[in-house]
């Protein structure tokens with residue numbers, strides 16, 4: 001295949017991913033579980049901890065934003081993939097000339113847009129109310145986008161395993177809650193025991209929280225920030241590929 | 001010969017269950033090919049294999065000359081699929097469903113709206129194009145599902161039980177549409193458990209039972225399997241359930257009931273008739289009518305599969321639990 005042929009194939013695949021994401025936005029964004037699991041749960045959790053622990057707002061706001069992205073995107077993926085399989089509409093995607101990777105990417109893009117909207121809707125009033133401010137808005141947006149993409153990938157992976165929406169939510173909680181406590185969201189990493197600090201480095205939420213804290217509190221671009229973004233990108237890719245493989249295995 | 005579909009030794013196992021067992025057949029370009037069998041016979045599994053929704057355990061299948069496993073994307077581009085249960089997005093309008101289908105199949109942007117309008121006109125849903133599909137009747141949903149399957153102008157249309165659960169009028173509309181599509185050159189692969197439907201629409205029919213193809217031929221040739229005069233239709237008064245009793249008569253191989261009539265599949269009509277008359281007398285029944293009848297495709301199906309016509313109408317779950325070893 002020529003270079004032009006390969007490029008047009010990729011453009012075509014990406015366009016189809018985008019159409020799948022657009023359709024998901026229309027159909028699944030306003031389902032109730034997205035708001036209960038995606039918004040209310042992390043906000044309640046964080047309020048409880050922030051009141052008890054008296055954490056300062058420069059730690060609260062980025063942590064809460066990451067948490068909302070995690071819960072929001074994984075919730076929408078549970079609905080968008082599992083519900084679609086339950087109702088039979090997933091079949092429509094499987095019989096179409098769309099690769100598994102394109103399909104998974106489409107689902108994850110829907111999560112990405114959802115994460116962006118949710119995080120921005122939360123961040124703007126919260127940073128104004130708390131007086132935290134946003135040091136580098138563009139880098140904050142980049143951090144939100146990569147966090148959304150990674151957590152969407154995680155959500156899709158869980159969803160291709162699960163048969164029912166409650167099962168997907170349960171499986172997601174199995175991953176979300178330990179991550180929420182181990183990734184420096186409530187307690188800064190520096191204050192955690194060294195073993196837990198090592199464990200935290202295996203969790204994508206750690207990099208999301210760190211990237212958001214840096215970009216919100218520091219206007220200078222740091223190497224740590226870009227390393228966090230790179231790790232999130234690697235997590236995303238690995239999660240998409242694994243989800244596509246699992247889906248392929250499932251239909252065999 | 002240029003075949004639209006070829007299937008060679010196709011087999012699908014789900015664990016210990018053999019859903020499709022070494023089936024082979026071809027579908028000619030431009031024909032309506034019927035895939036006839038009871039629920040649970042392996043029809044839907046075969047469709048899932050042909051449309052890339054699952055992979056075969058062994059064997060090969062091509063659609064529009066493309067291998068369904070190794071060239072699945074190319075094969076999918078040439079096929080339109082209408083599943084047994086309409087799989088449209090209820091939350092979206094009819095129009096948006098068609099446009100989304102067009103986008104998935106890579107229909108050029110300037111063509112999408114034109115084709116969507118044409119199809120909605122053809123299927124008489126244009127006036128309801130802005131309505132959510134969730135508000136549509138079963139018949140309208142089915143018509144829209146077929147429209148969505150045609151948006152990319154496929155060479156082959158695969159339909160799985162397209163008239164199941166529809167009222168008479170909607171069923172007739174769908175059957176007429178299938179005929180029209182075939183006239184315009186589309187190859188149609190029609191899986192059905194309605195024998196009459198297969199007889200009316202199909203140029204050739206494959207009969208599948210318990211995952212195996214038991215016959216492939218055109219309906220008229222299949223009917224020849226039963227020699228004319230080996231089917232008796234008899235009606236008694238008062239009407240009551242006599243299947244078992246009639247089935248135990250000498251020379252009677254099987255019995256089916258159609259309303260107030262019983263169809264007896266017999267070895268020799270002349271030998272059987274005196275037994276039927278004696279039977280009526282012994283059971284204090286009046287013979288209202290007794291005729292020899294021309295065999296139908298249903299009679300051929302019964303002879304080939306050994307199944308009763310009632311087996312074709314049993315719900316899927318029932319059949320699967322009764323016949324472990326086949327998934328349809």
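The values are calculated or read from the model by the stated rules, or taken from the named source; none is laboratory data. Just so it is clear, the structure is predicted and the values come from calculations on it, not from any experiment. Cβ: placed from backbone, ideal geometry, glycine included. Neighbour counts: every protein chain shown.
Couple of notes before you dig in:
- Hits in region B:53-103 (condition: within 8 Å of another protein chain (Cβ to nearest Cβ), without any contact (Cβ under 8 Å) to a residue 24 or more places away in the chain and touching a helix residue (DSSP H, G or I) at 6+ places or on another chain (Cβ under 6 Å)): B:53, B:100, B:103
- Flag if residue A:177 is surrounded by fewer than 16 Cβ atoms within 10 Å (Cβ to Cβ) and at pLDDT 85 or above: yes
- Single match in B:181, B:144 (criterion: more than 14 Å from chain A (Cβ to nearest Cβ), in contact with a helix residue (DSSP H, G or I) (Cβ under 9 Å, 6 or more places away or on another chain) and not in a loop (DSSP other than H, G, I, E, B)): B:181
- Filter result for the condition that a residue is touching a strand residue (DSSP E or B) at 6+ places or on another chain (Cβ under 9 Å) and farther than 16 Å from residue B:176 by Cα, over B:149, B:116: B:149
- Reported count of residues in region B:149-173, each being part of a helix (DSSP H, G or I) and closer than 18 Å to residue B:75 by Cβ, is 2.
- Scan of region B:1-37 for residues that are outside any strand (DSSP E or B), closer than 23 Å to residue B:186 by Cα and more than 16 Å from the chain's Cα centre (by Cα), ordered by number: B:1, B:2, B:29, B:30
Yes/no matrix, rows are residues, columns are (1) within 15 Å of the chain's Cα centre (by Cα); (2) within 14 Å of another protein chain (Cβ to nearest Cβ); (3) part of a helix (DSSP H, G or I):
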{"site": "A:48", "(1), (2), (3)": "no, no, yes"}
{"site": "A:63", "(1), (2), (3)": "yes, no, yes"}
{"site": "A:71", "(1), (2), (3)": "yes, no, yes"}
{"site": "A:74", "(1), (2), (3)": "yes, no, yes"}
{"site": "A:135", "(1), (2), (3)": "no, no, no"}
{"site": "A:138", "(1), (2), (3)": "no, no, yes"}
{"site": "A:145", "(1), (2), (3)": "yes, no, yes"}
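- Restricting attention to region A:197-226, the residues that are in contact with a helix residue (DSSP H, G or I) (Cβ under 8 Å, 6 or more places away or on another chain) and assigned to a helix (DSSP H, G or I) add up to 19.
- Strands (runs of 3 or more DSSP E) completely within region B:233-294 that count 3 or more residues being under 29 Å from the mean Cα position of the chain (by Cα) and without any contact (Cβ under 8 Å) to a residue 40 or more places away in the chain: B:252-258, B:261-266
- A residue that is in a loop (DSSP other than H, G, I, E, B) and more than 24 Å from the chain's Cα centre (by Cα) occurs somewhere in region B:70-77.
- Yes/no for residue B:40 being part of a loop (DSSP other than H, G, I, E, B) and either within 10 Å of chain A (Cβ to nearest Cβ) or modelled with pLDDT under 95 (or both): yes
- Flag for residue B:127 being surrounded by fewer than 19 Cβ atoms within 10 Å (Cβ to Cβ), more than 26 Å from the chain's Cα centre (by Cα), closer than 18 Å to residue B:155 by Cα and away from every other protein chain (no Cβ under 11 Å): no
- Looking only at residues in region A:92-101 that are crowded, with 19+ Cβ neighbours inside 10 Å and part of a helix (DSSP H, G or I), the one that is farthest from the other protein chains (Cβ to nearest Cβ) is A:100.
- Test: residue in region A:184-196 that is under 30 Å from residue B:50 (Cβ atoms) and part of a loop (DSSP other than H, G, I, E, B): no
- Considering region B:295-306, and only residues there that are in contact with a helix residue (DSSP H, G or I) (Cβ under 9 Å, 6 or more places away or on another chain) and not in a helix (DSSP H, G or I), the residue that is surrounded by the most Cβ atoms within 10 Å (Cβ to Cβ) turns out to be B:295.
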